[in-house]
Each structure stands twice: as C-alpha cells, then as structure tokens.
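Data first, discussion second: the structure below is written as structure tokens.
The values are calculated or read from the model by the stated rules, or taken from the named source; none is laboratory data. Because the structure is a prediction, the values reported are computed rather than measured. Neighbour counts are summed over all protein chains in view; Cβ atoms, including those assigned to glycine, are modelled from backbone coordinates with ideal geometry.
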Amino acid sequence: MDASRAVRRLRTRLLTSSALGLALAVNGCKEAVTDPVVRPDSLPASVEMLPSERPLFFIGMSYRIGARTVAADGTWLKGARLNPQLFRWSSDAPNIVTVDSLGVVTAVSEGAARVSATSGGATGTATVTVRDAILRAWSYPLGATPGWGITIGDDGTIYVPARHSLEAVAPGGERRWSFPTDGVSFAPAIAPDGTVYFGTSAAFMAVDRSGVVRWILPNRVMITTSPAIGPDGTVYVASSDSILHAVDPAGQRRWEFKAGGRLSAPVIARDGTILIGADVGYLYAVGPDGKERWIYRTGGAIQSTPAIGADGTIYFGSEDQHLYALSPGGNLKWSLPLPLARAYSSPALGSDGTVYIGGDGLHAVDASGRLRWSYPGPNPRSGTYLFMTPVVAADGSIYVGGGSLFALAPDGTLKWEYPTRLPTTSHTIVGRDGTVLATGDSTLFAIVERGR
C-alpha cells in the first residue's frame, strides 16, 4: 500500500469515527448510525430564542430561556431543553444577568443584558431586563402540599388548608395555631363571630378563633368544597356524594339537597339563593329551604364557584369553552366563547364590572359579554398557561396563579411574575394592606410591591 492511499484511508476512518461519535452523543446512543455524512441542509441556519425578550422582576429571580436550531427552510431541528449539549450560552453583562449551561438566567442587578445561545455556528440572542419590583416579605412553611384556597378573617388571621392540618397564620407570618386533622383540602369560611368552619375527609367542623373545637359533625364521605355562610348563619357545604348540606351554627343538619356530579363550592345570592355548579354541566339554584328553584344546563363541566355581580347577574365558566351570564332567575343574558379553551376557575369581578376568568389563559370580559383581552402567559409560544381563580385589588391590579404568581394591570399587561414551583395550583388573595398572599411548594408566602 503506497503512502497516499494509507493517508486517505486513515482520514476516512477518522471522519467516520468523529461523525458517528457526534451522532451517538446527540441521540443518546439509542441506535447505530449507518450514514456518517452530515448533510449540509441539516445544519442550523439560525438559532431561535424562546422568548426573544424576557423581564425578571427581582434580584435573584431565575428563568430558563429556550432555544432551538432552525434549518434554512424554517424547519425546526433541535431544542435546548432536550439537547442542551448542542448549545453554548453566554451573557454580555454578567454583572446584570448570569446564564448557565442549560440556559438558566439569573438576575444580579437592575439593567438589561443580551443572552446568546450558539449551536453549529449559528447564534440567537434574547434581551433580558431586570427590574427589582417586588419583595418576598415573609414565608410560612405548611409542612405539606397546600390545599385549595386561602381565607383571611376580620382580624387579619390567614387560614390555609395543608392536607393534614388547618394553619392559622398572623399577618406578619407567625403561627397563631395549627389544627391537626386528616384531609383538610379546602379553605374555611369565617363567621362574623370568628367561628371557623371547614371540612375534612370524614367530618364537617367548627372551631373558634383560637382553634378550640366547638363541634364536629361526622360525615360518611369527604367534604369536597369550601363552605359558604348565609345571612342567617346557616353554613352550606358540599360532599363527594353530590349532596349540598345545610348546617346551623350549632352543628345541626337542617337539610340535604341531592344534586348530580361532583359539586363546586356554593355561593349565596342576596335573596338567600344558593348557587352551586356540577361537573355534569348543571348550575343549580337552591332556596334557603333546600328546594330546587331552577337549573341551567351547559355543554361542559362546571368546576368552580359562580360570581354574583352588584345587579344580581350570575357569572360562571364551563368546560364547554364558554363564560355565561344569567339573570337572578336563571335566564341567559349572554354567553361568550373564550378564545383559548376551557374555563376552570371561578370568575372575579372588577369594580367597573369587568369579569376575569382563568383556565387555559386569563380572560377579561366586560359586563355586556365582549372580550376585552386574553393573557396566555409570558411566553405564549411555549404553550398556554393554566390559570387559577384571579383576585382583583382595589387599584384594579389582577393577581392570578398558574405555575407562577402573576400580577397584571387592568389592561392585561404583565406587571410582575413570581415563580411558585407549582405547575398549576397556586392560590392567591390580597390583604387589606395590599400584600399579596399565595401558596406554592408547601409554603405560604407574602409578596410586597416595592414603592407601596
């Protein structure tokens, strides 16, 4: 064999081995590669950043920016989440924003930075802006995944269900008391005299404002909603056997109403009518005497509590992708198909009559049934966020949980975001002083906006 043939053969072996090694690294060694040649049309022509602009709202906040390689014809090739080894990350201002090998950016100081991802000779750039807008004032460990909802008493005490206990927390984040019991999944209702009503896996009970038991009413099945208190002190709550219970303040059953399907938490109209949704698609109106007044049927499950406007209009969402408005007598005033998908949350009402409802997106609808805006999340291209029930503050700001805690201005623009480390179940309430309270990752925490 002459020297030139030997060199050519060695070069071929080296090229084949290098291409094979790269293919195995990218594909996780799943299968052998038969064609070691990398075609020019499979090389990235550009890198697309997801999103191309990203605000961070407090020092220390982190966010993983996405990136993907794109061929010359616009075909998506590889993404950074599944193939982080293909990308090299950098920040042009590490004193403002740092970035690690997975594309996780972290806020260091206020300002703006450009974060770049490079792959195959192509580079994409995203602008990251840091604004120190909020402060985590305090946090309270719940010791378990939080249940549904938060309640604030007249004295400022914050009540949070924590699966195996009901926690009573002072406005500053100190423990007032903890009531141990099994299956506390829903926030309590607080009577004017301070009595705390809540359900468990096997009972409905009342404790006083110090956490001392007043009475326990055994139930053969689990209580599955938060209670509602009528003007005469009667407490209404639903259980997993599709029964709405009416209980007097002394713990005696007044009546039971058998509905169909899993029931939402009840709400009480000014005339004493109890309204409650069901996952079979019905909204029930029940009188204070336990008699059915009317039923309104939708094309999908009603999973959440209706809201009642100042004029008595009843607003609720259905998984048939509509928001409904009914008269106090149960007649349809209007229904609005929502632009994204199902409406899971309870509606919240603004002082101007705007109806806010969460689900696959957060939607703002005026009192006549016209869509004002929809907010899909901070990065719509990565998928729509699933939002819980929003709350509206006195200044018109809307706060809603959905993987993070979001604050929106009345026009639907994002004010700030705080990660909660829960995919969907972040529950929110606003205290009298404007402090925003939310749950996430086995914790109750308080957020204060700087400048308040």
Taking the stretch 110-169 and keeping only residues that are over 26 Å from PRO227 (Cα atoms) and among the β-branched types (Val, Ile, Thr), one is left with VAL115, THR118, THR123, THR125, THR127, VAL128, THR129, VAL130, ILE134
Restrict the check to the stretch 97-108 and report whether at least one residue is surrounded by fewer than 22 Cβ atoms within 10 Å (Cβ to Cβ) and modelled with pLDDT under 90. no
Can you name every residue in the stretch 47-77 that is surrounded by fewer than 16 Cβ atoms within 10 Å (Cβ to Cβ), of a type in the set (Gly, Ala, Ser) and in a strand (DSSP E or B)? SER62
Identify the residue in the stretch 293-303 that is closer than 20 Å to HIS245 by Cβ and touching a strand residue (DSSP E or B) at 6+ places or on another chain (Cβ under 6 Å) and, among all such residues, is modelled with the lowest pLDDT. ILE302
Looking at the stretch 379-400, is at least one residue among the small types (Gly, Ala, Ser), more than 24 Å from TRP148 (Cα to Cα), surrounded by 15 or more Cβ atoms within 10 Å (Cβ to Cβ) and at pLDDT 80 or above? no
Give me the residue from the stretch 190-203 that is at pLDDT 95 or above and of a type in the set (A, V, I, L, M, F, W, C) and, out of that set, nearest to GLY156 (Cα to Cα). ILE190
Among the small types (Gly, Ala, Ser), modelled with pLDDT of 95 or more, crowded, with 18+ Cβ neighbours inside 10 Å and not in a loop (DSSP other than H, G, I, E, B): does that describe GLY317? no
Go through the stretch 207-288 and tell me which strands (runs of 3 or more DSSP E), entirely inside it, have 2 or more residues that are exposed (fewer than 15 other Cβ atoms within 10 Å of the Cβ). 213-218, 253-258
Sort out which residues of the stretch 304-314 are outside any strand (DSSP E or B), in contact with a Lys or Arg (Cβ under 8 Å, 6 or more places away or on another chain) and surrounded by 18 or more Cβ atoms within 10 Å (Cβ to Cβ), and write them in order of number. THR313
State which residue is surrounded by the fewest Cβ atoms within 10 Å (Cβ to Cβ) when the search covers only the stretch 111-157 and only residues that are among the basic types (Lys, Arg) and in contact (Cβ under 8 Å) with a residue 24 or more places away in the chain. ARG136
When the stretch 78-98 is checked residue by residue, the ones that are among the charged types (D, E, K, R) and either in contact with a His (Cβ under 9 Å, 6 or more places away or on another chain) or assigned to a strand (DSSP E or B) (or both) are LYS78, ARG88
In this structure, is THR123 among the polar types (S, T, N, Q) and either in a loop (DSSP other than H, G, I, E, B) or in contact with a Gly (Cβ under 7 Å, 6 or more places away or on another chain) (or both)? no
Just the residues that are in a loop (DSSP other than H, G, I, E, B), without any contact (Cβ under 8 Å) to a residue 40 or more places away in the chain and hydroxyl-bearing (Ser, Thr, Tyr), please, taken from the stretch 164-206. SER185, THR200, SER201
Test ARG64 against the stated conditions and say whether it is modelled with pLDDT of 95 or more and either charged (D, E, K, R) or closer than 30 Å to ALA162 by Cβ (or both). no
